[in-house]
Amino acid sequence: MCVGDEVHVLGAGLSGLAAAIILARSGKDVHVHEIREDSGARFDGDFQGIENWTSDSDFFDEMDEWGLDHNEFKSDSFDVIDLIHPDDEITNPRTDGVAFRVVERGTADHTIDQGFKRMALAAGVNIHYKTKKAAEQCDIVAAGPKESSAVAFGEIFETDHRNIVAFQLNDKLAPGAYSYMIIIDGVGLICTCLWRKQRGSGRFLNETISWYEQNYVLNRRPIKRVGGKGDFGLPRKYVHEGRFYVGEAGGLQDFMWGFGMRYAITSGVLAAKAHLGECDYEREVRKRLVPLVEASAINRFLMNRVGNRGFKMVANYWMRDQRRCGDGLRFMSWLYKPGIIRRGLWPFVRLGMLRKKKLKDGRDVRRMPFRPSKARDNWEPSERASEIAEEWKNTQRSGGKTSFSESEA
């Protein structure tokens, strides 16, 4: 715990701003240092989900308890999704409550990033954009990813289709992972996630768009292409030389699906409370978040070893479980519960999937490297996917922008 009135936070993302808000409201002189020009600039209009399956409580209720106003940003609740099996069968997991909420990331006023920024400024936080600050000079470190363990490529487009979330398990279109389509109020995002490193990775997005066009009436009008990378690893400690590491900087992410916002915000709040002497950050993170992260890493380890046949088994079991208990959310909750079998698998996961590394700031981590491609990842694009690639080139000539290139992966 630092007892001074001045607190420095590295990173103006959700975890850093969550910590800053709590601290500023407690009377601290908080300074947040962000290398980018604005909060959310890294994401450029991406849609992301805040899940409700890793806890018995609704995350918005938790935010209310912390004094974080979820009305500051736009969100759309979903209780059902289209689950797309590897053989193109579409089923519908559903729940009576809120399974997850879709929020937009970026710099527009309605995004979650700008909502947190407004709360921070209202609390008296000093945010310094376009500034570099060494982690060693900060009390809370909330910086983004440095390396790649996985990447995502997406296209944002206008559409006439109704609001929907579609989630696809397909090892061809999304090697080792999944693709998804989110449509909110006439704006859609089709995205493919790659957990194996690829050459010419743009072809996976074009083929994924082609699939969704063939199976949904979209009347798609491309706007821009987006993407990002995730760096997944588990540090030996979450407090290092007196600094609290939160969100992605602390490896507090979902290895399986990539849902990280809930972990990020929670860790930021816990770091602020620890700084104020209200809790032990290391203990709270290991109790509340690390078991979820480890369970997701075990799930990722298993997903890395199955192709479409394994994905089909997962999808079938998910739907059987829903028919049995009447709640499609229960299966997702079960995936994150650290039972006896998962605890038994953990030593094999640590040895088989994670690699030891010492970071520049002196921390020891076990991180997941970007896995190499497989022979089955080499295929020729379909005719429609090739047409989509050419259409995107025309869109670029008309001003369409790409915020994340293949070289950045």
>> For a quick check of your reading of the filter: which GluC sites (Glu not before Pro) in the stretch 26-71 sit in a DSSP loop and have no more than 12 other Cβ atoms within 10 Å?
In response: Glu37
> Toward the positive end of the charge dipole of the chain, about the Cα centre and with charges on Cβ (Lys, Arg +1; Asp, Glu -1), which of Ile50, Val365, His161 goes farthest?
Replying inline: Val365
> Relative contact order, percent, of the stretch 295-359 when contacts are C-alpha pairs under 8 Å separated by at least 6 residues?
Replying inline: 44 percent
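For the chain, with only Lys/Arg (+1) and Asp/Glu (-1) charged at the beta-carbon, what is the dipole magnitude about the Cα centre, in debye rounded to 20?
With Lys and Arg at +1 and Asp and Glu at -1, about 2000 debye.
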> So for the stretch 295-359, taking the charge dipole from beta-carbon charges (+1 Lys/Arg, -1 Asp/Glu), which of Met353, Cys325, Asn304 sits furthest toward the positive end?
Replying inline: Met353
>> For the stretch 111-172, I need the span (max minus min coordinate) of the C-alpha atoms along each principal axis, in Å, sorted largest to smallest.
In response: 45, 31, 18
> Hey, what did the stretch 142-224 get for relative contact order, percent, Cα under 8 Å, at least 6 apart?
Replying inline: 36 percent
>> Please report the spacing between the Cα centers of the stretch 282-343 and the stretch 1-44 in Å, no decimals.
In response: 33 Å
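Counting each pair of different Cα atoms once, what's the Kirkwood radius of the stretch 253-308 in Å, rounded to one decimal?
Values: mean 1/r = 0.0815 Å⁻¹.
About 12.3 Å for the stretch 253-308.
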> If one computes the Cα centroid of the stretch 178-252 and of the stretch 67-142, what distance in Å separates the two points?
Replying inline: 14 Å
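Tell me which trypsin sites (Lys or Arg not before Pro) from the stretch 289-352 have a DSSP coil assignment and no more than 13 other beta carbons within 10 Å of their own. If you can, show how the numbers build up before the last one.
On the way: sites: Arg300, Arg305, Arg309, Lys312, Arg320, Arg323, Arg324, Arg330, Arg342, Arg343, Arg350; in loops: Arg305.
Answer in residue order: Arg305.
Give me the mean projected area, in nm² to one decimal, of the convex hull enclosing the Cα positions of the stretch 86-213. Numbers along the way, then the final one.
Numbers: hull surface 46.1 nm².
Result: 11.5 nm².
Within 10 Å of each candidate Cβ there may be at most 15 other Cβ atoms; applying that plus a DSSP loop requirement, which trypsin sites (Lys or Arg not before Pro) in the stretch 101-154 survive? Please report the intermediate quantities before stating the final value.
Details: sites: Arg101, Arg105, Lys117, Arg118, Lys130, Lys132, Lys133, Lys146; in loops: Arg105, Lys130, Lys132, Lys133, Lys146.
For trypsin sites (Lys or Arg not before Pro) across the stretch 101-154 that sit outside H, G, I, E and B with at most 15 neighbouring Cβ atoms in 10 Å, the list reads Lys130, Lys132, Lys146.
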>> Using 5 Å bins from zero, what percent of all Cα-Cα pairs in the stretch 140-271 falls into each bin?
In response: 2, 10, 19, 18, 15, 14, 10, 7, 3, 1, 0
> Can you give the angle from 0 to 90° between the axis of helix 261-275 and the longest principal axis of the chain, with both taken from C-alpha atoms, to the nearest 10?
Replying inline: 10 degrees
>> With +1 assigned to the C-beta of every Lys and Arg and -1 to the C-beta of every Asp and Glu, and no other charges, what is the dipole magnitude of the stretch 3-76 about the Cα centre in debye, to the nearest 20?
In response: 320 debye
> Taking Rh as the Kirkwood radius computed over C-alpha pairs, what is the Stokes-Einstein D of the stretch 295-359 at 37 °C in a medium of viscosity 0.692 mPa s, expressed in µm² per second?
Replying inline: 246 µm²/s
>> Can you tell me the orientation of helix 290-303 relative to the chain, as the angle in degrees between its alpha-carbon axis and the longest Cα principal axis, to the nearest 10?
In response: 20 degrees
>> For the chain, place one equal point scatterer on every Cα, skip the solvent, and apply the Debye formula. What is log10 of I(q)/I(0) at q = 0.06, 0.11, 0.14 Å⁻¹?
In response: -0.23, -0.81, -1.35
> Roughly how many debye, to the nearest 20, is the charge dipole of the stretch 236-280 about its Cα centre, given +1 on each Lys and Arg Cβ, -1 on each Asp and Glu Cβ, and no other charges?
Replying inline: 40 debye
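Over the chain, what is the relative contact order in percent, taking alpha-carbon pairs closer than 8 angstrom and at least six residues apart?
21 percent.
Average projected area of the Cα convex hull of the stretch 65-123, in nm²? If you can, show how the numbers build up before the last one.
Values: hull surface 23.2 nm².
For the stretch 65-123, the mean projected area of the Cα convex hull comes to 5.8 nm².
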> If you average 1/r over all unlike Cα pairs in the stretch 1-75 and invert the result, what Kirkwood radius do you get in angstrom?
Replying inline: 14.3 Å
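The numbers here are math on the coordinates, done by the rules we state, and not lab data. Predicted model only: the values in this text are computed from it and were never measured. Neighbour counts are summed over all protein chains in view; Cβ atoms, including those assigned to glycine, are modelled from backbone coordinates with ideal geometry.
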